[in-house]
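Structure, as structure tokens:
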Amino acid sequence: MTRSTSAQRLTDLARLRRVRDRIDRDYAQPLDVEALARGVNMSSGHLSREFRRAYGESPYAYLMTRRIERAKALLRRGDLSVTEVCFAVGCSSLGTFSTRFTELVGVPPSTYRSQAARAMAGLPPCVAKQVTRPIRNREAPAANLT
């Protein structure tokens, strides 16, 4: 690898970290790959390829994982409906939210909500968050929480 190629790779990695940090911070805002790419002066195609190369998944998949993580926490609280949680985490389509939630978690949001309340009773929130972290790349087992 030449010095200029190596320098470009380091620059790209710094940009990718900024994109990942923005997704972590602004997950509930309307975000798309084009907007994320503009924010770091990259093309959307280049951002998608390099993000996948660095983190093993697309920017959209990473965003949805962040949203599902937050949705799980809100559903465990039990004071919001599935629809309210969907919109609170930045999803604009209940169908897409439910489908992605089921893919990552293994059960639909409504089932998770009812089961999580029982399964997580008495656990400190920091432990519950770690135990219930979504598994990426559709690896969720089809097991229930009880």
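No value in this document is a laboratory result; all are computed from the given coordinates. Here the structure is a predicted model, which is why all the values come from computation and not from measurement. We place every Cβ from the backbone using ideal geometry, glycine too, and count neighbours over all the protein chains shown.
Observations on the model:
- CD proxy at 222 nm, helix term only [per DSSP H run n ≥ 4: -39500 (n - 2.57); per residue of the chain; nearest 500]: -21000 deg cm²/dmol
- Computed E for Thr11/Ala73 - FRET, C-beta separation, R0 22 angstrom, nearest 0.05: 0.05
- Extension gain for Glu57 to Arg18 (0.36 nm times residue separation, less C-alpha to C-alpha distance): 12.5 nm.
- Tensor-based shape of the stretch 63-131 (alpha-carbon gyration tensor, a/c under 1.5 rounded, otherwise prolate or oblate): prolate
- Dipole moment magnitude, nearest 20 debye, the chain about Cα centre, only Lys, Arg, Asp, Glu C-beta charged: 400
- Taking the number of Cβ atoms within 10 Å of each Cβ as an exposure proxy, the fewest-first ranking of Arg100, Arg22, Arg38 is Arg38, Arg22, Arg100.
- The HN-Hα couplings worked out from phi for the stretch 80-95 by the Karplus form 6.51 cos²θ - 1.76 cosθ + 1.60 (θ = phi - 60°) are 10, 6, 4, 4, 4, 5, 3, 6, 5, 8, x, 7, 9, 10, 4, x Hz, whole numbers, x standing for Gly and Pro.
- Residue order, fewest to most beta carbons within 10 Å, for Val19, Val33: Val33, Val19
- Order of Ile23, Ile68 under a 10 Å beta carbon neighbour criterion, fewest first: Ile23, Ile68
- Working from Cα pairs under 8 Å separated by at least six residues, relative contact order for the stretch 1-105 is 25 percent.
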